[in-house]
Every structure is written in C-alpha cells, then in structure tokens.
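Below is one structure; the comments refer to it alone.
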Amino acid sequence: MKRTQVVIIGAGPAGLLLGHLLHRYGIDSVIIENRTEQYVVERVRAGVLEQHVVDLMTQTGVGERLRREGLRHGGVWLAFGGTRRRIDFEELTGKAITVYGQNEVVRDLIDARRATGRPLLFGVSDVVVAAVDSEAPRVRYVLDGEEHEWVCDFVAGCDGFHGICRPSIPEAVLTGYDKVYPFAWLGILAQAAPSSEELVYSLTDRGFALFSMRSPAVTRLYLQCRPDEAIEDWPDERIWEELQARLGTRDGWKPNEGPIFQKGITPMRSFVAEPMRYGRLFLAGDAAHIVPPTGAKGLNLAAADVRVLAEAVARFYRTGTEAGLDAYSDTCLSRVWKAQRFSWWMTSMLHFGAPYDGFDYRRQVAEMDYVTSSRAAMATLAENYVGLPIDIPPP
Ligand code: RFL
Ligand code: PHB
C-alpha cells in the first residue's frame, strides 16, 4: 500500500487544476484517470473562460499560452427578429471573458503536472474508494492488469457526471436535484475564419443557434435540436442550411462556412448534489453539478470548486483546522445555485418557445428586447456571464 496526501479521481479540468493548486502549496497528490491521455486532450467541450479562471491560471504559472492564444471578448451579441444587439461586459462590469478551448486548458495543465514529476496516471480501471468516513481513506484501481492501493488524507471526486465518486456516497446522505430539458445542442467545429469577433446567441422561430469560435481559423457553432435526434440525420448541408437560417441577420451578417471536422449532439440537463462532501471525500465540478451549456458555466464552476477546496486543504495542513473543509460544501453551493439560476434563465430565454409554442416564443422575444435595452437588465446578464465573485473564507 502506498501513501499520499490527496488522491484525485479524474483528469478533467477540475482534477488537473486541483493537482496544480495543491502542488503550489507543496501538497502531494496522485491523479488517476480512466480514459487515455489522447481522449482527454481531444474531447471537445467548453470554450468560454471567466475572468477568475484566466487570472488564476496566469497567477499560478499556467497562463502563458492562454495569454498568447486566448481570445479576449469584451461583450456578446444577442440576435432576434433579424437584428443583433450587443451587451458590453467591459463597460458594465470592468471584466471580460476569454475564448480558449477546454482541451487547451487540459493540455496546459497536463504539461504543468508532468513538469512537477508528481503522478498522473491514465487508463486506470475498476476504481473503488473506501473508508472515506475515516481519517485514512483508501483508493484502489487496476493499471496494466495490476491492482494498486493508496491510503491518503483526502479523496477529491473530480470524475465528472458519470463518475464513481458520487454513487459511492450512501444514498441517505445525498440529495440530487435534477432537471432534464426537452432539447439538445448539436455542435460543430468548422475550418472557417470566425465572421464576428464576439459570440452571437440567436433566437428564431426555428429554434436557437449559437456562434462561437476556437481560434482565428476555427468557428464553433451550435443549434438546438431534439434530444432523440441522431447525428446521422444531420448531413453537413442540412447543418449549414439550418445554421444560416437561424444566425443570419438582416444587415447581411452570417457565419463563414468551411469543412466540418467535428460534430456531436449533447442533451441538456441541470443537476446539483447536496452536500458536496461526505467524510473525507469531496466532490468537485461535474461530479457534483451540471448546467445546461447556455450560460457557459460548467468548466468555470469546476475551477471555482477546486479553488475553494485547495485553499481548505492547504489551511488544514498549515494550521490543523478543519473549518475550511467544513465550509467547503456550503461555500461552493451558494455560488453553484446562482450559476444554476443563470444557466436556467439563459436557457429559458433562448429555448422552450420556438419552434413549439407561440406564446413562449413571443415571451422570449420580449425578454431579449428587454435584456438588450434596459441597462439594469444588461448589467445583470453581464455580471453573471463574466462570473460572480468567489467567496473564499479568510485564512
Ligand atoms: P470532466 O471534464 O467530465 O472530467 C471528469 C474526468 O473524470 C474521468 N473519470 C474517471 N476517472 C477515473 N475513474 C473513474 N471511475 C472515472 N470516471 C470518469 C473522465 O474520463 C473525465 O476525464 O469534469 P470536470 O473536470 O468537472 O470539468 C467539467 C467540464 O468538463 C464541463 O463542465 C464543461 O465542459 C461544460 N461545458 C462548458 N463549460 C463552460 O464553462 N463553458 C462552456 O462554454 C461550456 N460549453 C460544456 C460546453 C460542455 C459541453 N458538453 C459536451 C457536455 C459545451 C458542451 C457541448
Ligand atoms: C463554446 O464556445 O463552446 C460555447 C460558448 C458559449 C456557450 C457554450 C459553449 O454558452
């Protein structure tokens, strides 16, 4: 049996960032991941970073490529009725967002981890956590046909929505709050220069569409579809036709087209597990909560959780107090629920009505009109979109 301070399960953004922050405090950890490194790095997901994530990466020495290649956006466009209106984040909040692919974040964090020499193990299987209600939790797994076991002080469950950590908590302890939406997002990556410098969220009577990007040469686009649709039903020509119909505005703006090199359908769901801790097992990121992508919050919430957790663990080793650990769940959940509220609200403004329901569609158009004409409403959207403050308890 081997010993470490923290076993981190999952090498997504939550697990890798936690390992990085703990390392900076001189705290040892082992990160185990059941997929291959290639799978983890190539998985196409989020793209929008809140200012706090950019600042954290920059201040902790993993922001060099982000600073070079990240695309800073000072605002966002909302389109409806054939026109687009801009919400100016910088003017309203003094903050901005940065477009930088989640896979680039993961790549940078893997490189940083490698440089520390601390363990980062891909391709593990049969992961089991045990004795988390004691002061010496254990984690077992199989790697290359051999069984391994670590004993540690803390286990971080950073293994995403389908991981094993949340289900390993006794049912009586945990409450799950769940909302499944009757639509999904079809997302593509296209080899095409972005035709707008900022994102465009568009509401039409054919449904919702989103214009985003990954680099000066790659456009990222999404369109609302039904959750039971198969990607095979969406040949490239149909995708472009629908995207142009939902995104093009009367002033002639439309997305540039190019070869599609990645496409997939993601169902939409809101979920929160409470509490985010059981004994010495701490859930972080998608393992504890997921949001519909409309508010671009999932990755940002994962980063906020592990920031709070790293501080609490560091404080424990520094002073012996468990106060930060005890406050972890409540500290995270109060911000998580605000992000849930925002993601649900963005979803309700941009989905539900069209193409199903005339009343809801008109209600949504009124909401888009209001939110882009009232300064108070614009400020509300902006401060949530760029990220609410993180309340880290004082040392
Ligand atoms: P992840 O990224 O799912 O990582 C969990 C890792 O744990 C591994 N794992 C295990 N490892 C060991 N043992 C086991 N038994 C394991 N079971 C699972 C998994 O293989 C995986 O590597 O969770 P994490 O780290 O909490 O990060 C969360 C984010 O990935 C997620 O919230 C975002 O991608 C959500 N999201 C967005 N978030 C944003 O902040 N901004 C966005 O613009 C945004 N857009 C999106 C998104 C998610 C999307 N999809 C596909 C769900 C757009 C899309 C389309
Ligand atoms: C993305 O670029 O992938 C993206 C942007 C905004 C969202 C969701 C996803 O709300």
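The values are calculated or read from the model by the stated rules, or taken from the named source; none is laboratory data. Computed from a predicted model, the values in this text were never measured in an experiment. Ideal geometry is used to build each Cβ from the backbone, glycine not excepted, and the neighbour counts take in all protein chains shown.
Could you tell me which residue of segment 41-80 is surrounded by the most Cβ atoms within 10 Å (Cβ to Cβ), considering only residues that are under 17 Å from L210 (Cβ atoms) and modelled with pLDDT under 95? Checked segment 41-80; the qualifying residue surrounded by the most Cβ atoms within 10 Å (Cβ to Cβ) is G47.
Does V291 qualify as being closer than 19 Å to P137 by Cα, surrounded by 24 or more Cβ atoms within 10 Å (Cβ to Cβ) and β-branched (V, I, T)? No: the conditions fail for V291.
Residue-by-condition table, conditions (1) in a strand (DSSP E or B); (2) among the acidic types (D, E); (3) touching a strand residue (DSSP E or B) at 6+ places or on another chain (Cβ under 8 Å); (4) at pLDDT below 95:
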{"position": "G123", "(1), (2), (3), (4)": "no, no, yes, no"}
{"position": "V127", "(1), (2), (3), (4)": "yes, no, yes, no"}
{"position": "S134", "(1), (2), (3), (4)": "no, no, no, no"}
{"position": "V139", "(1), (2), (3), (4)": "yes, no, yes, no"}
{"position": "H148", "(1), (2), (3), (4)": "yes, no, yes, no"}
{"position": "V155", "(1), (2), (3), (4)": "yes, no, yes, no"}
{"position": "F161", "(1), (2), (3), (4)": "no, no, yes, no"}
{"position": "Y177", "(1), (2), (3), (4)": "yes, no, yes, no"}
{"position": "W185", "(1), (2), (3), (4)": "yes, no, yes, no"}
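So, in segment 235-257, exactly how many residues are hydrophobic (A, V, I, L, M, F, W, C) and within 26 Å of the chain's Cα centre (by Cα)? Total satisfying the criteria: 3. For segment 285-395, the helices (runs of 4 or more DSSP H) that sit wholly inside it and include 1 or more residues that are over 30 Å from T83 (Cβ atoms) are 298-319, 323-350.
Here is a yes/no grid of residues against (1) away from ligand 2 (no atom under 16 Å from the Cβ); (2) charged (D, E, K, R):
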position	(1), (2)
H20	yes, no
D28	yes, yes
G70	no, no
H73	no, no
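Each row is one residue, and each column tells you yes or no for (1) assigned to a loop (DSSP other than H, G, I, E, B); (2) farther than 12 Å from A209 by Cα.
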| site | (1), (2) |
| --- | --- |
| L223 | no, no |
| D228 | yes, yes |
| E237 | no, yes |
| W240 | no, no |
| R250 | yes, yes |
| N256 | yes, yes |
| K263 | no, yes |
| S270 | no, yes |
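In this structure, E146 does not qualify as free of Cβ contacts under 8 Å to residues at least 40 places away in the same chain, within 16 Å of ligand 2 (Cβ to nearest atom) and out of contact with any His (no Cβ under 8 Å at 6 or more places or on another chain). Filtering segment 201-217 to residues that are more than 14 Å from ligand 1 (Cβ to nearest atom) and within 27 Å of D357 (Cβ to Cβ) leaves S202, L203, T204, D205, R206, G207. For G19, indicate whether it is more than 10 Å from ligand 1 (Cβ to nearest atom), within 22 Å of N300 (Cβ to Cβ) and under 18 Å from the mean Cα position of the chain (by Cα). Answer is yes for this residue.
From the list E322, E311, the lone residue that is of a type in the set (D, E), in contact (Cβ under 8 Å) with a residue 24 or more places away in the chain and more than 9 Å from ligand 1 (Cβ to nearest atom) is E311.
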